[in-house]
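K.L.:
Quick one: the structure is below, and I'll ask about it shortly.
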Amino acid sequence: MATEVKVPTLGESVTEASVGELLKQVGDAVAVDEPIISLETDKVAVEAPSPVAGVIKEFKVAVGDTVEVDAVIAVIEEGATGAATGEEADRAKEERAEGQEERSETPTPSPAPAASSDASQTLSPAVRRAVLEHGVDPSTIKGTGKDGRLTKEDVIAAAQAKKDGSDSIADAAPQQAATASAPVGERREERVKITRMRQTIAKRLKSAQEEAALLTTFNDVDMSAVMEARGKYKDLFAKKHDIRLGFMGFFAKAACLALKDVPPVNAYIEGDEIVYHDYVDISVAVSAPNGLVVPVIRDAQDKGFAQIEKDIADFGKRAKDGTLTMEDMKGGTFTISNGGVFGSLMSTPIINPPQSAVLGLHRIEDRPVVVDGEIVIRPMMYIALSYDHRLIDGREAVTALKIIKEAIEDPTRMLIDL
């Protein structure tokens, strides 16, 4: 019996997605709930699972197609095992054989990593990112994941082997043949279709520039007290809470103090009304394979350092694995973006609509500063608060940033709510 696979519910107010990857081929056997297609929404990648065990009879869509919720994307022959039988299997085998013959008869230059379209390659978002970063050809790497799928570790290992001149993972013969077929000094260009997520990021950020009256105020922070506290308690903290004590926990709690004392920074404009919140849901900017995402630490004002650090670590891991959900990024009243992890000295972060403010963190570096009339060397960080001037006045923005600065320079303030 044939069973239709439909586009699953994608999240609140999300009605369509783009087909990112076909994780299986026609004729492949699938188990119940096994993913067969990866769909890209405005915010996350969603995998469509098979509702039954059987064999894929037909795909109704192709990579790049736009599909709506409940649209039929594939047909599965329920109860079948092994390779597909009948005309579908024969046709699939013939197509694969023809493709192999064409490739063997017509040598081509080694393809760019991101452009690999070999149907046998099943690349997750994290693996695609690793392929781009390390510049390796995924078709030459033997996967160690489920069903022979490539993992991020496989790509990294192959890149290291290539760097060291080792041939333990990738087959040297295909690499040498591909290299020989490419003219020396050839200049190449590559065109890659913009993902739905990147398109949405572009639209939202452009909208923020056009609608909000953006302004940024700066300050610098002496990180000595926080670094001393981390150095003194990091081992005990890790032993008790099984998580590393980082800087983001300090800034999240400091931001909660500032947003409590300066409510407009935690509010937003909706039509002709201002919406204030008596809670703090902090969106944390995290780099994902397909772009920047902002999962939310909910009720940050009620959470301790350990829980905040655990939430951030979990978001970071799932962002790399491509397993964040729409619910993880829903809402948010204020954003913290840490460009310092990439080496940024200073920036003017852009707000995350409909929010009205974003805190930008930057790298820590030793700089000479004057303390009690003497020049001393201290670990300093520039911090920036971009805000919507339609709602937040300069005095309020400067006050909020000053509260954050004072809390970081004297962490005791966070304990006594000062």
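K.L.:
Is it the case that segment 370-377 has a residue that's farther than 22 Å from G231 by Cβ, assigned to a loop (DSSP other than H, G, I, E, B) and at pLDDT below 95?
P.N.:
Yes, there is a match, as at least one residue in segment 370-377 is farther than 22 Å from G231 by Cβ, assigned to a loop (DSSP other than H, G, I, E, B) and at pLDDT below 95.
K.L.:
Only one residue in E21, E12 is modelled with pLDDT under 80, closer than 23 Å to I201 by Cβ and not in a loop (DSSP other than H, G, I, E, B), so which one is that?
P.N.:
E21
K.L.:
Condition first: of a type in the set (D, E, K, R), open to solvent by 60 Å² or more (accessible area, probe 1.4 Å) and modelled with pLDDT of 75 or more. Can you find one or more residues in segment 178-186 that meet it?
P.N.:
The answer is yes, given that some residue of segment 178-186 is of a type in the set (D, E, K, R), open to solvent by 60 Å² or more (accessible area, probe 1.4 Å) and modelled with pLDDT of 75 or more.
K.L.:
Something else: Check D261, D242 and return the single one that is of a type in the set (D, E, K, R) and in contact with a helix residue (DSSP H, G or I) (Cβ under 7 Å, 6 or more places away or on another chain).
P.N.:
Among D261, D242, only D261 is of a type in the set (D, E, K, R) and in contact with a helix residue (DSSP H, G or I) (Cβ under 7 Å, 6 or more places away or on another chain).
K.L.:
Still on this structure: Residue check, A229 against (1) farther than 21 Å from H362 by Cβ; (2) among the hydrophobic types (A, V, I, L, M, F, W, C); (3) in contact with a Pro (Cβ under 8 Å, 6 or more places away or on another chain), all met but one. Which one?
P.N.:
So A229 meets the others, but not (1).
K.L.:
What strands (runs of 3 or more DSSP E), lying completely within segment 209-319, carry at least 2 residues that are open to solvent by 50 Å² or more (accessible area, probe 1.4 Å)?
P.N.:
Of the strands (runs of 3 or more DSSP E) lying wholly inside segment 209-319, those with at least 2 residues that are open to solvent by 50 Å² or more (accessible area, probe 1.4 Å) span 214-222, 268-270, 273-275.
K.L.:
Next question. Considering only residues that are of a type in the set (V, I, T) and modelled with pLDDT of 80 or more, look in segment 46-65 and name the one that is farthest from V192 (Cα to Cα).
P.N.:
So, considering only residues that are of a type in the set (V, I, T) and modelled with pLDDT of 80 or more, the one farthest from V192 (Cα to Cα) is V52.
K.L.:
Examine segment 202-209 for a residue that is among the hydroxyl-bearing types (S, T, Y) and over 30 Å from H389 (Cβ atoms), and state whether such a residue exists.
P.N.:
no
K.L.:
A407 fails exactly one of the following numbered conditions: (1) under 25 Å from V341 (Cβ atoms); (2) open to solvent by 30 Å² or more (accessible area, probe 1.4 Å). What is the number of that condition?
P.N.:
So A407 meets the others, but not (2).
K.L.:
Out of everything in segment 153-177 that is open to solvent by 70 Å² or more (accessible area, probe 1.4 Å) and closer than 18 Å to K320 by Cβ, what residue ends up being modelled with the lowest pLDDT?
P.N.:
Only one residue tops the list, namely E153.
K.L.:
Right, another one. Find the residue count for segment 295-324, including only residues that are touching a strand residue (DSSP E or B) at 6+ places or on another chain (Cβ under 8 Å) and more than 23 Å from V262 (Cα to Cα).
P.N.:
Adding up the residues that qualify gives 9.
K.L.:
Okay, next question. What's the total number of residues in segment 329-351 that are open to solvent by less than 30 Å² (accessible area, probe 1.4 Å) and under 17 Å from R204 (Cβ atoms)?
P.N.:
Qualifying residue count for the region: 7.
K.L.:
Another one. Quick check, is R204 touching a residue at least 24 places away in the same chain (Cβ under 8 Å), of a type in the set (D, E, K, R) and not in a helix (DSSP H, G or I)?
P.N.:
no
K.L.:
Further question: Checking A254 against (1) under 28 Å from the mean Cα position of the chain (by Cα); (2) at pLDDT below 90; (3) among the small types (G, A, S): exactly one of these is not met. Which one?
P.N.:
(2) is the only condition that A254 fails.
K.L.:
Further, regarding this structure: With the requirement that a residue be open to solvent by 90 Å² or more (accessible area, probe 1.4 Å) and under 39 Å from the mean Cα position of the chain (by Cα), what does segment 369-384 give you?
P.N.:
Answer for segment 369-384, where residues must be open to solvent by 90 Å² or more (accessible area, probe 1.4 Å) and under 39 Å from the mean Cα position of the chain (by Cα): just I377.
K.L.:
Now a separate question. Inside segment 278-310, can you point out the residues that are within 11 Å of the chain's Cα centre (by Cα) and over 18 Å from L205 (Cα atoms)?
P.N.:
P289
K.L.:
Just to verify a result, which residue in segment 56-75, among those that are part of a loop (DSSP other than H, G, I, E, B) and not small (G, A, S), is nearest to K6 (Cα to Cα)?
P.N.:
D70
K.L.:
Right, another one. Name the residues in segment 29-45 that are surrounded by fewer than 19 Cβ atoms within 10 Å (Cβ to Cβ) and either modelled with pLDDT under 75 or not in a strand (DSSP E or B) (or both), would you?
P.N.:
Scanning segment 29-45 gives A31, V32, D33, E34.
K.L.:
From the residues in segment 68-79 that are modelled with pLDDT of 80 or more and open to solvent by less than 30 Å² (accessible area, probe 1.4 Å), which one is nearest to T195 (Cα to Cα)?
P.N.:
A74
The values are calculated or read from the model by the stated rules, or taken from the named source; none is laboratory data. None of the values given here were measured: they were computed from a predicted structure. FYI the Cβ positions are ideal-geometry reconstructions off the backbone, even for glycines, and counts take in every protein chain you see. Side chains included, ligands, DNA and RNA excluded: accessible areas come from the protein's heavy atoms. Shrake-Rupley method; radii C 1.70, N 1.55, O 1.52, S 1.80 Å.
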